[in-house]
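As C-alpha cells, the structure follows; a few thoughts come after it.
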Amino acid sequence: MNVEELSGLPPGALEHFREEGVEELYPPQAAAVEKGATDGENLVAAVPTASGKTMIAALAMLSAVQRGGKALYIVPLRALASEKQAEFEAYERFGVTTGVTTGNYESTSDWLATKDIIVATSEKVDSLVRNGADWLSELTCVVSDEVHLIDDRTRGPTLEVTLAKLRRLNPTLQVVALSATVGNADEIADWLEASLVDREWRPIDLRMGVHYGNALNFDDGSTREVPVEGTEKQEAALVRDILAEGGSSLVFVNSRRNAEAAARRLGGVSSETLTDDEQADLADLAAAIRDDSDTETSRELADCVERGSAFHHAGLSATQRSLVEDAFRERLLKVISATPTLAAGVNTPARRVIVRDWRRFDPSAGGMAPLDVLEVHQMMGRAGRPGLDPYGEAVLLAKSHEDSEELFDRYIWADPEPVRSKLAAQPALRTHVLATIASGFARTRNGLLEFLEATLYASQSSEAGRLERVTDEVLVYLERNDFIERGGDEASKASAESAFTAAADLSSDNSNEELEATNLGHTVSRLYLDPMSAAEIVHGLETADDRPTALGLYQLVSRTPDMYELYLRSGEAERFGELFYEREAELLGDPPSEFEENRFEDWLAALKTGKLLEDWAEETDEETITERYSIGPGDLRGKVDTAEWLLGAAESLAREIDSEWTVAVREARARVEHGVSEELLELVSVSGVGRKRARRLYGAGIEEPAALRSVDKGVVLAVLKGEKTAETILENAGREDPSMDGVEPIDPDTGELTATSTSTGSGGGTSASTREGSDDETQASLGDF
C-alpha cells in the first residue's frame with residue numbers, strides 16, 4: 001500500500017512521512033490499515049522487532065487526532081518514553097502536539113490536557129487514573145507498546161489493570177496493542193475485542209543459527225565458516241568476523257560481571273578496526289562517562305569505550321546508558337556486551353546478535369535455568385537495522401554437537417511461550433484492588449469482581465473461583481490494616497474472615513456489601529504505594545517510643561516491598577548481624593529473633609540497604625559507597641531515588657495518622673534527597689547548592705541562606721570558584737545585588753585576597769541549575785537521576 005492511499009490523517013502528515021523516506025507501507029502496516037487502524041478500530045499487532053509497529057501506532061494516533069480526539073502512548077520504560085517523545089515531536093510541524101510524563105505519581109499532570117499525543121509509562125498512567133486526572137476521559141485512542149510484558153510478574157499487572165480501567169472510563173476507546181510475536185496473540189486480541197495482525201515479516205532477512213567449532217550453521221541450512229583461533233572465545237571470533245565487513249555486534253550475557261568482563265576482552269578485537277577520527281571521538285565519549293560519575297564502574301566503562309567496546313546493565317547511570325546507546329546507534333561503538341535488559345529497552349540494533357548465555361540463575365529453580373523462548377527471541381530480534389544492514393544474524397553458542405542440536409530445538413525452531421496474566425498473585429492484587437476501590441471503579445464486592453472479570457486473567461483462568469477467593473483474601477488484609485471499610489452485617493464479615501484463613505467460599509449474602517477506602521487507604525492509593533509497604537511504615541511509626549533516627553527510618557523503608565533491598569553477600573550476615581545488635585534500639589517495628597532465620601536475614605538485608613542510605617546522607621562520596629557495597633552508580637542512584645519517594649510517602653502517612661514523628665521523617669527524606677548531614681539542610685534548600693558546595697560554604701562559616709545575603713561577596717567567590725556560579729547562587733538566596741563585577745576572591749580563613757584570580761571561563765561558566773562544576777559532578781549526576 002502506497003502512503004498516498006492513506007486518508008483521515010492531519011494535513012501535512014503524508015508529506016512528513018514522504019520526507020522521512022516512507023513511500024510504501026510494510027505488509028504488517030498495510031494489514032493494520034485494512035483492519036481499521038485509521039478508522040478507530042481496536043487492533044493487536046504481533047510482529048517482529050523492526051517491522052514497523054511504531055508506524056502502525058502513529059497512523060492510529062494521528063487519525064484519532066484528526067477526528068478531534070486525543071491519543072495516549074503507553075511504554076514500559078522511561079528510556080522508551082524519551083525515545084518516542086523525540087520521534088513524535090516531529091509531528092508538531094503539522095500542528096500535532098506531544099507531551100511526555102513518567103514521574104511524580106501524585107500529580108495529575110493537568111498541563112497534558114492541551115496535548116494531542118501523550119507518552120507515559122504504564123505506572124504513570126495508573127497513577128493518573130488513581131488521582132483522577134480529568135483529561136483521561138478525553139482519550140479516544142490508546143496504544144500499548146510491548147503489551148506482551150503483561151506476562152512480567154513485576155510490571156504486567158499494572159499494565160493489564162490500567163488498560164481495563166481506561167476501557168471502562170471510555171467505552172468507545174480505540175485500543176492498539178503492539179506485541180512481539182507470542183504464542184497466544186489471538187487470546188490478547190479476544191480480550192481487547194480487537195482485530196489481529198499476526199505476521200512474521202521483517203524488512204530485512206534475519207538468519208538464526210548456532211555456532212559450534214569453526215562453523216556457524218543457520219536455520220535455512222546454510223553454513224558460514226567462523227574459525228576460533230587458539231584460546232580465543234567464540235564470541236570474540238564472531239565479533240571479529242562481522243567487523244571485517246563493517247557490522248556491529250550485540251553480545252548478551254547473564255550477569256553484570258560477565259558483561260563487564262566480556263566488554264574488556266572484546267575491546268581487544270574492536271580496537272583493531274578503529275580509525276583515527278573514531279579514536280578521537282571515543283576519547284571524548286570516555287571523558288563524558290568519567291565526568292558523569294567518579295566510580296570504578298565508570299572508569300572501567302570509559303576504558304572499554306576508548307577501545308570501541310562497552311558494557312550495558314542496570315548498574316550504569318541513566319546518562320551512561322544513554323551515551324552508550326547513542327554511540328552504538330551511530331556505529332561509533334562496535335560491540336556492546338549487555339544483560340538481557342537491553343533487549344526490552346530502546347532501539348539498539350546490530351548486524352549480529354550473539355546470545356552467549358542462554359541460562360541464568362533462578363532462585364525458584366535452585367540453580368541455573370534456561371531462558372524463555374520469548375526472551376531469547378527478543379534478543380535475536382535486535383539483529384539487523386533497516387537501511388544500514390543488508391541482513392541480520394542471531395547466533396547462539398554451543399560447546400558440543402549435542403548442545404547445538406538442543407539449541408536448535410529449544411530456541412531456533414521453537415515458538416515463543418503464550419502470554420499469561422500475573423494479576424492473581426497477591427502482591428499485585430492487593431495494590432490494584434485498593435486502587436480500584438479508592439478511585440471509585442468499584443463500590444461493592446460484586447462491582448469489584450465484575451471489574452476484575454474484564455481483565456486478561458479472568459479470560460484466561462481455568463480454575464473456577466480462584467479470582468474470587470484471592471480477591472476476598474485481599475479484602476480481608478486491606479480491612480485489617482484500616483485501608484478499607486466494608487458494609488454489611490457481622491455475619492458477612494465473619495464469612496469474609498474465613499476466606500482469608502480457610503479459603504472458604506463466601507455466600508452470596510455479602511456479594512453486594514459496600515466497599516469504601518478509608519482516608520488512610522485513599523492516601524496509600526494516591527501515593528502509589530503497595531499497601532503492604534504502607535502497613536509496614538505505619539506500624540513502624542506507631543511503635544516508635546523515641547524520635548526515630550535516620551538509620552531507623554532508612555531501614556524501615558528498605559523493608560518494604562517497594563524497595564529492592566541489597567542482598568547479603570558471603571560473610572556479610574555476621575557483619576550486619578553485629579550492626580543489628582549494636583543499633584537495634586534505633587530500628588522501628590518488631591525486630592525478629594536470630595532464630596527466625598528467613599525474617600532475620602531479610603531485616604539484615606534491609607539494614608544493609610539502610611546503612612548505604614545513611615552513608616550517603618552523611619556525605620560519604622559516591623566512589624566509596626559503590627566500592628563498599630559492590631554496586632554501580634546506577635544502583636546507588638536508584639536506591640536514593642526510591643528512598644526519597646518512600647520517605648516522602650512516609651511523611652504523608654505520618655500526617656494522616658497524626659504521628660508525632662512527621663518532622664523526623666521529613667528531615668530524613670531531605671537528607672537522603674541531598675546527601676547531606678543535618679546541619680547542611682538549610683543551605684541545600686538554595687537552588688544550585690548541592691552537597692559539596694554546601695559543605696564548602698559551611699566550612700567557610702556560611703551556615704544558612706541568610707548568610708549568603710550578607711557575607712562579603714569575595715568569600716563566596718573564593719569558595720564557589722566561579723563568578724557565574726556565585727552570582728546565580730546569591731541571586732537564588734535572595735541577595736539584593738548578586739553581581740560579581742569587580743569582586744576579587746577573599747580567603748575565608750585569612751580575610752586576604754587569594755593569590756589566584758577567578759575566571760568566568762570553563763571553571764565558572766557552568767550553570768548552577770545543571771552542574772556544580774567539575775569537582776561536584778557526583779552530586780549533580782545524582783540530582784539529575
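The values are calculated or read from the model by the stated rules, or taken from the named source; none is laboratory data. Quantities reported herein were computed from a predicted structural model and do not represent experimental measurements. We place every Cβ from the backbone using ideal geometry, glycine too, and count neighbours over all the protein chains shown. Heads up: the accessible areas ignore ligands, DNA and RNA and are worked out on the full protein's heavy atoms, side chains in. Shrake-Rupley method; radii C 1.70, N 1.55, O 1.52, S 1.80 Å.
Side notes on the structure shown:
- Panel values: region 588-709, Kirkwood radius from alpha carbon pairs, Stokes-Einstein at 20 °C and 1.002 mPa s, translational diffusion coefficient 134 µm²/s.
- Across region 287-301, rounded Karplus estimates of 3J(HN,Hα) from the backbone phi angles (6.51 cos²θ - 1.76 cosθ + 1.60, θ = phi - 60°) give 5, 5, 5, 5, 5, 5, 7, 8, 9, 4, 4, 5, 5, 5, 4 Hz, Gly and Pro being marked x.
- Peptide packing for 199-212, 10-23 was compared via the average number of neighbouring C-beta atoms within 10 Å per residue; ordered from the highest value, the list is 199-212, 10-23.
- Cα gyration tensor shape for region 1-58, rounded if a/c is under 1.5, else prolate or oblate: oblate
- Per-bin percent of Cα-Cα distances, region 48-99 [10 Å]: 21, 59, 19, 0
- Residue-by-residue Karplus 3J(HN,Hα) for region 17-33, coefficients 6.51, -1.76, 1.60, Hz, glycine and proline x: 5, 5, 5, 7, x, 8, 10, 10, 6, 5, x, x, 5, 4, 5, 5, 5
- Trypsin sites (Lys or Arg not before Pro) lying in DSSP loop within region 357-428, provided at most 16 other Cβ fall within 10 Å: LYS399, ARG420
- For region 440-467 versus region 63-137, the inter-centroid distance based on Cα atoms is 28 Å.
- In a simple Cβ point-charge model (Lys, Arg +1; Asp, Glu -1; nothing else charged), the chain has a dipole of about 1180 debye relative to its Cα centre.
- Per-pair calculated FRET efficiency, R0 = 60 Å: ASP276 and GLU463 via Cβ, rounded to 0.05: 0.35
- q = 0.09, 0.22 Å⁻¹, region 109-240: log10 I(q)/I(0) [Debye, one scatterer per Cα]: -0.47, -1.30
- Amide H contacts under 5 Å for GLU565: none, restricted to partners 5 or more places along the chain or on a different chain, H placed in the peptide plane at 1.01 Å from N.
- Pair-distance distribution P(r) for the chain, from all Cα-Cα distances in 10 Å bins starting at 0: 2, 12, 19, 24, 22, 14, 6, 1, 0 percent.
- Placing +1 on each Lys and Arg Cβ and -1 on each Asp and Glu Cβ, with no other charges, gives region 235-305 a dipole about its Cα centre of roughly 460 debye.
- Estimated D of region 534-601 in µm² per second, where Rh is the Kirkwood radius over Cα pairs and Stokes-Einstein applies at 20 °C, 1.002 mPa s: 168
- The spacing between region 524-603 and region 399-422, judged by their C-alpha centroids, is 41 Å.
- The residues of the chain expose on average 41 square angstrom of accessible surface per residue, using a 1.4 Å probe on protein heavy atoms.
- Computed from phi, the 3J(HN,Hα) profile of region 179-191 under the Karplus parametrisation 6.51, -1.76, 1.60 (θ = phi - 60°) reads 9, 5, 5, 10, x, 9, 4, 5, 5, 5, 5, 4, 4 Hz, with x in place of Gly and Pro.
- Residues whose placed amide H lies under 5 Å from that of VAL119, excluding near-sequence neighbours: TYR73, GLY99, VAL100, THR101
- Taking the accessible area of the chain, probe 1.4 Å, and keeping the other protein chains in place, the carbon and sulfur fraction comes to 44%.
- Highest to lowest packing among 312-318, 54-60, 156-162, 544-550, scored as the average C-beta count within 10 Å: 156-162, 54-60, 312-318, 544-550
- Loop chymotrypsin sites (Phe, Trp or Tyr not before Pro), region 368-421, which have at most 14 other Cβ atoms in a 10 Å radius of their Cβ (DSSP): TYR391, TRP413
- Since only VAL672, GLY384, THR273 are under comparison, the one whose Cα sits farthest along the positive direction of the charge dipole of the chain, derived from C-beta charges on Lys, Arg, Asp and Glu, is GLY384.
- Placing unit charges on the Cβ atoms only, positive for Lys and Arg and negative for Asp and Glu, gives region 22-142 a dipole magnitude near 120 debye about its Cα centre.
- Taking every DSSP bridge with both residues inside the chain, close to 25 percent are antiparallel.
- Residue-averaged [θ]222 nm for the chain, counting only DSSP H segments that reach four residues, each worth -39500 (n - 2.57): -13500 deg cm²/dmol
- DSSP-loop GluC sites (Glu not before Pro) across region 292-397, with at most 15 other Cβ within 10 angstrom: GLU330
- Sorting the Cα pairs of region 211-283 by distance into bins of 5 Å, from 0 upward, gives 3, 14, 22, 23, 20, 11, 6, 2, 0 percent per bin.
- Positive-pole candidate from LEU515, ALA283, PRO561, dipole of the chain, charges at beta carbon: ALA283
- Note on the chain: dipole from Cβ charges, positive end direction compared against LEU80, SER525, GLY221; the farthest Cα belongs to GLY221.
- The protection proxy used here, the mean number of other Cβ atoms lying within 10 Å of each residue, ranks peptides 702-709, 235-242 as follows, highest first: 235-242, 702-709.
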